Amino acid sequence: MSLFGSLSISGSGVDAAQTWLNTIAGNIANMNDVSKTDQAAYGAQAPVFMPNAIPGQVGDGVAVAGIQEGDTTGIVQYDPTSPQADAQGLVRVPDVQLSSQMVNMIQAQTDFQANTSALADAKTAYQSALTLGT
Amino acid sequence: MDGIVSALQFAVNAVAQQQQATANNLANTDTPGFTGQDVSFEQSLQQAIDAPNGGTATVTVSADPAPPASNGNNVDTATQLVNGQQETLQYQTMVEMLNAQFRLVAGSTGGSFT
């Protein structure tokens, strides 16, 4: 483990929470997308978290292994005034629920805060170590 | 005197590892299937101190026995945050103890006690 290991571990946690917040922001921004019925709808994105495990030792934080894309089937709606509407007046919209995105956002935010709190703890401890012998 | 310094030195390093485990558990609060880690050293250190001919203390990393939630993760954020605070205070206390020992040495060798 590197010097000041806790700082990099908490940093990886903050990064992961930030990635999650970014995907949620993207999902909410694209909630009202409209696509043609012969095209795929926007699929809600979610990060895939993986622990940086070290066997027999304290782990080294978290990594975002990738971004998982949700169902692109979406919902077919009747909206004849849309420029994307087909001959029957149908369009495809994303199946993204605002409520679940908001719940995820609260979780991601709490995650972020918990990691910054751990970061502050580690900083205080390391600062006290720097007073040794003074 | 030497025993105190080496015991404190060991404990400071061990608490730093506890803090790393707490940071790691908090970083993985939303990782599916993640099992939290516990770091313990207190019993081992006590045994080493009590041993008549001096013993060797070890730091043990073990899995958190808490039951997992529906996503297979068993980290409780609140517990970890409390642990983080506790470890920081413990760390600071031990650093202060080490400094007190160093001041004693400095004072008794002609330097300043403060």
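See the values below:
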item: From the options B:VAL105, B:VAL59, residue that is touching a Phe, Trp or Tyr at 6+ places or on another chain (Cβ under 7 Å) and within 12 Å of chain A (Cβ to nearest Cβ); result: B:VAL59
item: Yes/no for A:SER6 being at the interface with chain B (Cβ under 10 Å from one of its Cβ atoms) and either at pLDDT 95 or above or over 19 Å from B:PRO32 (Cβ atoms) (or both); result: yes
item: Residue in segment B:1-22 that is assigned to a loop (DSSP other than H, G, I, E, B), out of contact with any helix residue (DSSP H, G or I) (no Cβ under 8 Å at 6 or more places or on another chain) and over 30 Å from A:ALA53 (Cα atoms) present; result: no
item: Some residue of segment A:104-114 being open to solvent by less than 60 Å² (accessible area, probe 1.4 Å), closer than 25 Å to B:ASN28 by Cα, among the polar types (S, T, N, Q) and out of contact with any Asp or Glu (no Cβ under 8 Å at 6 or more places or on another chain); result: yes
item: Tally of residues being within 14 Å of chain B (Cβ to nearest Cβ), open to solvent by less than 30 Å² (accessible area, probe 1.4 Å) and either over 16 Å from the mean Cα position of the chain (by Cα) or in contact (Cβ under 8 Å) with a residue 60 or more places away in the chain (or both) across segment A:30-60; result: 2
item: Residue in segment A:69-79 that is surrounded by 12 or more Cβ atoms within 10 Å (Cβ to Cβ), small (Gly, Ala, Ser), outside any helix (DSSP H, G or I) and touching a residue at least 12 places away in the same chain (Cβ under 8 Å) present; result: yes
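Conditions (1) modelled with pLDDT under 95; (2) in a helix (DSSP H, G or I), marked per residue:
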residue	(1), (2)
B:ILE49	yes, yes
B:PRO52	yes, no
B:ALA66	yes, no
B:ALA69	yes, no
B:VAL82	no, yes
B:LEU98	yes, yes
B:GLY107	yes, yes
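Quick grid of which residues meet (1) over 24 Å from the mean Cα position of the chain (by Cα); (2) away from chain A (no Cβ under 14 Å); (3) surrounded by fewer than 16 Cβ atoms within 10 Å (Cβ to Cβ); (4) among the aromatic types (Phe, Trp, Tyr):
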residue	(1), (2), (3), (4)
B:GLN43	no, yes, yes, no
B:ASN71	yes, no, yes, no
B:ALA78	no, no, yes, no
B:LEU98	no, no, no, no
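The values are calculated or read from the model by the stated rules, or taken from the named source; none is laboratory data. Source: prediction; values computed, not measured. With ideal geometry, Cβ positions are generated from the backbone for all residues, glycine too; neighbour counts draw on all protein chains shown. To get the accessible areas, we keep the full protein, side chains included, count just its heavy atoms, and leave off ligands, DNA and RNA. Shrake-Rupley method; radii C 1.70, N 1.55, O 1.52, S 1.80 Å.
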